[in-house]
Amino acid sequence: MKFTKQLTLASVLALGLTSLTGCQKNNQNILLVNHDQLTMPQDGGSETIALQTDAGSWNIVNPGSSWLTLSSSSGTDKNPTITMTVNTKTTTTRADTLIISAGSATPVKVIVTQLSSAYLYNLTADKTSLAFTQTGNTDTISIASEASQWNISSKATWLQFSQSTGSKGNTTIEVTASQYTGTGSRTDTITISAQDAPTIKIPVTQNGPLYPDYNTSPLPPDATGMSLDAQQLAAKMTLGLNIWNTLEAIGGETAWGNPQVTQAFIDAVKNSGFNAIRIPCSWDQYANQTTAKIQDAWLQRVKQVVQYCINDNMYAILNIHWDGGWLEDHCDPADQAAVNAKQKAFWQQIATTMRDFDEHLIFASANEPSVSNATQMKVLLSYHQTFINAVRSTGGKNSYRVLIVQGPSTSFELTPQLMTQMPTDVVPNRLMVEVHEYEPSQFTILTQDASWGKVFYYWGKNYHSTTDPSHNATWGEESYIDSTFQLMKKAFVDKGIPVVIGEFGATDHSNVASDPTMARNSFVHYLGFIAHEAHTYGMIPLLWSGVFNRQTNTVNDQQALDSLLVGVGKSIP
């Protein structure tokens, strides 16, 4: 390669040129280029060439202008850098020759090549697989396309797309799977395609139900004995008692120290002024863990206890209690499908067994579901919806039965905050909401001082001890309780949704307090105050435990019973 006399070695090094092309004749202009050939990126991109000339101007002829663009094709700069850009792909290798000229210098040729690509356009999706729940749900796929048109399809008739085709750019579509009632699982493939673009295959799976369908004998709706709606029924329920630590006991009905429930016990409760019974009940320990089939003997035993209540014309609330925590300790999206499957299986069996009881029997979805945020609340609502759907599906009197759903953690404060919507029901005005009252827990539950605070032996503004002030309540007294009742009233009662206080109670500290008389009076006052608040705000109070000796079926705390009766506006015999 030759250079003009004027081009020194130093000037060549200053250019930093990796290859030089040029021509020289006497009195000719100089034209140097650092590449005589370039390969452009397969998927498109940019490369540069550097020129040096002493001519007054330079020019580039670009026969590949349809696919190759130049940052400049002419100029007067003596040392320009030209950027070459390719924005497209090609399915066959393509090349063109740039012809660069400057004054009287011999023109320089630069061959530019782009290798072939398998596709002209990028086509991508944000999902590599989809899994749908047994009940059917909707998921999304976000598609990014460089092609002018794309298509999405599947051979599965159980999959529906919000749109089947789209254009260049970003698009999010919804994919909806219908309910699957078969066994095992079903699979298919979603195909996303476009001309001259890679085809995307997305495998889809939908598992069948975890358990058999136990709604094997649904009946037509039967409104006989079911005329009262939730508000009308609530107006008839004045004071209730739980059958505590019995049918919900892990290990069996008598495992926690109480005798079996008898008609005599229910009679005693009825004769003492109560007209409602809550039956906390365990089911999972009596069920096959593979099929969720509840033992027939247990279903019949629970039915017998319900019958005891109905015999006395009492209202009975039957629930799924803590039951090992399979529901109330798993209100999270990761557990949602499995919990809903068991909730459905259990309630189909319970509802079918109890279907012939009239409106005196009320079903309650759960006990104290552990929920503290909106995400968990959404999951809990799905559990309640499954409960309602399962009960209603069995037909008969269950088509009209009043049902109870629990607020988040059955909290007076969280329920108005998080339970801003109710589950849906095909029958209007047949739902109630349940909360529990154990505030302040330092008085109602705590039995001794803890590292985080002292036990309260004395509760109520007029029931503080002057001799043992360190154990007086410092929060959660009458004004606080009243404010939480007002929250529930505004959020539910005022909107026609009855509120059930499914549990309330307190610890009688008189056997350990240094001021036993004040502690005893405080305990009795608390029970009466909660009952009175419920009566005042149109709620239904059900005491958790106490008042009765379960071994003899007799009242063993007449003072507490009298306080409860007065609280709900009843006269004392």
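One residue stands out among those in the stretch 86-116 that are surrounded by 18 or more Cβ atoms within 10 Å (Cβ to Cβ) and among the small types (Gly, Ala, Ser): the one that is farthest from the chain's Cα centre (by Cα), which is 105.
Every condition in (1) part of a helix (DSSP H, G or I); (2) β-branched (Val, Ile, Thr); (3) within 27 Å of residue 311 (Cα to Cα) is met by residue 362 except one, and the failing one is (1).
Among the residues examined, residue 418 does not qualify as under 14 Å from residue 381 (Cβ atoms), over 20 Å from the mean Cα position of the chain (by Cα) and assigned by TED's automatic domain parsing to the domain that holds residue 499. If the condition is being over 20 Å from residue 114 (Cβ atoms), among the β-branched types (Val, Ile, Thr) and in a strand (DSSP E or B), then the stretch 37-78 contributes only 53.
Taken over the stretch 442-455, the residue count meeting the criterion of being surrounded by 12 or more Cβ atoms within 10 Å (Cβ to Cβ) and touching a residue at least 24 places away in the same chain (Cβ under 8 Å) is 6. Within the stretch 448-482, the set of residues being at pLDDT 95 or above and farther than 13 Å from residue 518 by Cα comprises 455, 470, 474, 475, 476, 477, 478, 479, 480, 481, 482.
Within the stretch 251-291, being surrounded by 22 or more Cβ atoms within 10 Å (Cβ to Cβ), over 14 Å from residue 321 (Cβ atoms) and either of a type in the set (S, T, N, Q) or under 29 Å from the mean Cα position of the chain (by Cα) (or both) holds for no residue.
Determine, yes or no, whether residue 300 is modelled with pLDDT of 95 or more and under 26 Å from residue 549 (Cβ atoms). No: the conditions fail for residue 300.
Can you tell me which of 268, 292 is assigned to a helix (DSSP H, G or I) and at pLDDT 95 or above? Give the steps one after another, and end with the answer.
Working: 292 fails: assigned to a helix (DSSP H, G or I).
After ruling out the rest, the residue left standing is 268.
A residue that is surrounded by fewer than 17 Cβ atoms within 10 Å (Cβ to Cβ), outside any strand (DSSP E or B), modelled with pLDDT under 95 and among the hydrophobic types (A, V, I, L, M, F, W, C) occurs somewhere in the stretch 117-133. Where residues in the stretch 498-517 are surrounded by fewer than 19 Cβ atoms within 10 Å (Cβ to Cβ) and of a type outside the set (Ser, Thr, Tyr), which of them is farthest from the chain's Cα centre (by Cα)? So the residue we want is 516.
The set of residues in the stretch 193-230 that are hydrophobic (A, V, I, L, M, F, W, C) and under 29 Å from residue 131 (Cα atoms) comprises 194, 197, 200, 202, 204, 210. Checked against (1) touching a strand residue (DSSP E or B) at 6+ places or on another chain (Cβ under 8 Å); (2) surrounded by fewer than 20 Cβ atoms within 10 Å (Cβ to Cβ); (3) farther than 30 Å from residue 153 by Cβ, residue 237 passes all but a single condition, namely (2). Does at least one position in the stretch 395-413 carry a residue that is more than 22 Å from the chain's Cα centre (by Cα) and more than 18 Å from residue 316 (Cβ to Cβ)? For the stretch 395-413, residues more than 22 Å from the chain's Cα centre (by Cα) and more than 18 Å from residue 316 (Cβ to Cβ): present. The criterion of being surrounded by 23 or more Cβ atoms within 10 Å (Cβ to Cβ), among the small types (Gly, Ala, Ser), assigned to a helix (DSSP H, G or I) and touching a Phe, Trp or Tyr at 6+ places or on another chain (Cβ under 7 Å) does not hold for residue 341.
Picking from 297, 249, which residue would you name as being among the small types (Gly, Ala, Ser), free of Cβ contacts under 8 Å to residues at least 12 places away in the same chain and under 27 Å from residue 386 (Cβ atoms)? Spell out how you get there, then give the answer.
Details: 249 fails: free of Cβ contacts under 8 Å to residues at least 12 places away in the same chain.
Being among the small types (Gly, Ala, Ser), free of Cβ contacts under 8 Å to residues at least 12 places away in the same chain and under 27 Å from residue 386 (Cβ atoms) holds for just one of 297, 249, which is 297.
Among residues belonging to the stretch 309-338 that are of a type in the set (D, E, K, R) and under 15 Å from residue 367 (Cα atoms), point out the one that is surrounded by the fewest Cβ atoms within 10 Å (Cβ to Cβ). Top of the filtered list is 329. Could you list, in sequence order, all residues of the stretch 518-573 that are in contact with a His (Cβ under 6 Å, 6 or more places away or on another chain) and crowded, with 17+ Cβ neighbours inside 10 Å? If the condition is that a residue be in contact with a His (Cβ under 6 Å, 6 or more places away or on another chain) and crowded, with 17+ Cβ neighbours inside 10 Å, then 519, 567, 568 are the ones that fit. Apart from one condition, residue 112 fits all of (1) touching a Gly at 6+ places or on another chain (Cβ under 9 Å); (2) assigned to a loop (DSSP other than H, G, I, E, B); (3) of a type in the set (A, V, I, L, M, F, W, C); the exception is (2). Candidates 191, 171: the one that is buried (at least 17 other Cβ atoms within 10 Å of the Cβ), of a type in the set (S, T, N, Q) and at pLDDT 95 or above is 171.
The values are calculated or read from the model by the stated rules, or taken from the named source; none is laboratory data. Computed from a predicted structure; not experimentally measured. Don't worry about glycine lacking a Cβ; one is built from the backbone with ideal geometry, like all the others, and counts go over all protein chains shown.
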